[in-house]
Amino acid sequence: MKNGKNHSKKGSVMFVAIILFFAILIILATGVQRITTSFKETKYQLNAIAEAENIARAGLVDAVSWFRRQKSQPVASGYPPIKYSWPDGAFDPKYNTNPSKCDTIDESIGIVKQYKLSENNNIWVRYEVRRQQELAIYDPNAVHDITAQRIFDKQNGEGLLWSIVSFGYVYNYVSTATPFNIAPNKIIAKAQVSTEIRRMYVNPPVESAYIVKDGGTAISPTVIININGKVIGGNNIGCGRVVGEIPLIKSAGGAFQLKDGEVSGNPKFQSGLDDPTVNYVLGVSSSELKLLSDYIVNNVNDLPDPLPDMSLIFFEGDANFSSTKPLRSSGILFVNGNLNIAEGSNSNYSGFIYVLKKAIINPPCLISGCVIAYDGLVLSNPSPSDIAEIDYDSSIIEIIRQRMGHYRENKSLFRVFKPMPGL
């Protein structure tokens, strides 16, 4: 009897152990399932947040594009004349039944676009770049003209500098009978990004092939046109300066196949110009220009090869071009130091060059457009192998103004606000 009782107890213990074992298995399975589900939901939420940020960025791109393609530049309310009764009114995107002319699907808000993210479900995305309404309460998240806040002696309404905020949404679009953010529709994720754009221009004091601040003296000239050096102004000024003497033009002295330095134009030389500071010519300071540039480099080895056309290149210091790294491109070149183009580089540049210090340009080299070297110029050398030439070209300068003197984004002021899931 005693053995039977022991067997019975052992059987009961084993049964309980088996029950506990299966219970633990069920708990573990449930826990794993919950963890897996939570992981999937977190991953889904993170993906939705990333998508919301991407669509918000797309809104910024669309808004900047809107500013750039307006026929009247800068995009301004006036002052004077007043075209709108409030400074931000010039940002006025319009709906049009023609898709190629349509800025928005809801002009009462601003720039609004939306589309389906996937054909397999009802997930949609949308961005909004809001317009400040005339009589509405000030909306800090609308597009605003902030010219006065950033540029001394300028007014809001002149359209030189704009602040842009874009909202991106990912949402479940269940019913078209209600707005996207009203039940049964549901916002899954939301993101907000912002930036500032600034109007840049190219405005030399005069139309001239070459401009310097101070021409120096006859004994110590800052501008030297060496043998085989040519400055061609055409119907415009050859060499312009604020003060100082005309350039020192070197003679070949009858040397075989060498020609005297040459300056031509109408007139050849012009003094008394306005001071061609960076701010005067480009409308921004050198530090601001840096933030608007396509490429910011310390030396020529940092540049892409080949150099991209119609780009704004900013050199932190001296720019030294050579036969292995020639200056062959177009656009705007800004050198926050000295420009040196070595003998034999075979450089060819079309556009506008601003050198904060001195430019030394050796042959063979052709620059078409305009050069401002604030502290002076040495063109060609006493024993040149070819010609170094600067030609003023008004058509190139006009192309630069049209294609590059538009609104450019200040990269340092791009902001991503923390996305908010489920709002």
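What follows is calculated from the coordinates using simple rules that are stated; it is not laboratory data. Note that this is a predicted model, so its numbers are computed, not measured. A quick note on method: Cβ atoms are made from the backbone with ideal geometry, for glycine too, and the neighbour counts reach across all protein chains shown.
Pick from Ser264, Ser380, Ser350: which residue has the top mean-square fluctuation in a GNM of the chain where Cα pairs under 10 Å get a spring? Largest GNM mean-square fluctuation: Ser264. How far is it, in nm, from the label point at Lys101 to the one at Ser251 when both lie 7 Å from their Cα along the line to the Cβ? Once both label points are built, they end up 6.7 nm from each other. Once both axes come from the Cα atoms, what is the angle between helix 394-404 and the longest principal axis of the chain, in degrees from 0 to 90, rounded to 10? Approximately 20 degrees, to the nearest ten. Label sites at Asn266 and Gln149, each approximated as a point 7 angstrom past Cα along Cα to Cβ, lie 4.9 nm apart.
Can you give the charge dipole size of the range 208-405 about its Cα centre, rounded to the nearest 20 debye, using +1 on the beta carbon of Lys and Arg and -1 on the beta carbon of Asp and Glu?
Values: 13 positive and 20 negative charges, 44 e Å.
The dipole magnitude comes to about 220 debye.
Counting only DSSP beta bridges whose two residues both lie in the chain, roughly 35 percent are antiparallel.
Label separation (Ser220 vs Asn172): 7.9 nm, computed from points 7 Å beyond Cα along the C-beta direction. Measuring gaps between exposed loop sites in the chain (trypsin sites (Lys or Arg not before Pro); DSSP loop; at most 13 other Cβ atoms within 10 Å), the longest gap, sites not included, is 95-423.
Going through (i) 69, 51, 44; (ii) 136, 63, 36; (iii) 62, 51, 44, the figure that equals Cα extents along the principal axes in Å as computed for the structure here is (ii).
In what order do Ile387, Ile18, Ile49 fall by count of nearby beta-carbon atoms within 10 Å, going from fewest to most? Don't jump to the answer; show the numbers that get you there.
Numbers: Ile387 18, Ile18 10, Ile49 21.
In increasing order of surrounding Cβ atoms, one gets Ile18, Ile387, Ile49.
Taking a threshold of 21 Å on the Cα-Cα distance, which of the pairs Lys213/Lys358; Lys116/Lys190; Lys101/Lys154; Lys94/Lys154 fall above it? As for pairs spanning more than 21 Å Cα to Cα, those are Lys101/Lys154; Lys94/Lys154. Computed on the Cα atoms alone, the convex hull of the range 208-405 gives a volume of 104 cubic angstrom per residue.
Given Cβ point charges of +1 (Lys, Arg) and -1 (Asp, Glu) and nothing else, what value in debye, to the nearest 20, does the dipole of the chain about its Cα centre take?
Working: 42 positive and 39 negative charges, 575 e Å.
Dipole about the Cα centre, nearest 20: 2760 debye.
In the range 208-405, a dipole from Cβ-located charges (positive for Lys and Arg, negative for Asp and Glu) runs towards its positive end, and of Tyr295, Asn226, Met404 it is Asn226 whose Cα lies farthest in that direction. If the segment from Asp274 to Ser395 were pulled out straight at 0.36 nm per residue, it would be longer than the present Cα-Cα gap by 41.3 nm.
Taking 17 Å as the straight-line reach from the Cα of Lys290, the aspartates and glutamates in range (excluding those fewer than 8 positions away in the same chain) are Glu196, Asp302, Glu316, Asp318, Glu409.
222 nm [θ] for the chain, helices only, -39500 (n - 2.57) per DSSP H run of 4+, per residue, to 500?
Working: 5 runs with 94 residues, N = 423.
The helix contribution divided over the chain gives -7500 deg cm²/dmol.
Quick one: helix 2-68 against the long Cα principal axis of the chain, what's the angle to the nearest 10°, folded into 0 to 90? Between helix and principal axis, roughly 30 degrees.
Taking the Cα of Asp302, stepping 7 Å toward and past its beta carbon, and measuring to each backbone N in the range 314-328: which are under 16 Å? What the label zone holds, given the 16 Å backbone N cut-off, is 314-321. Positive-end ranking of Ile187, Gln132, Gly216 along the dipole of the chain, with charges on Cβ about the Cα centre, is headed by Ile187.
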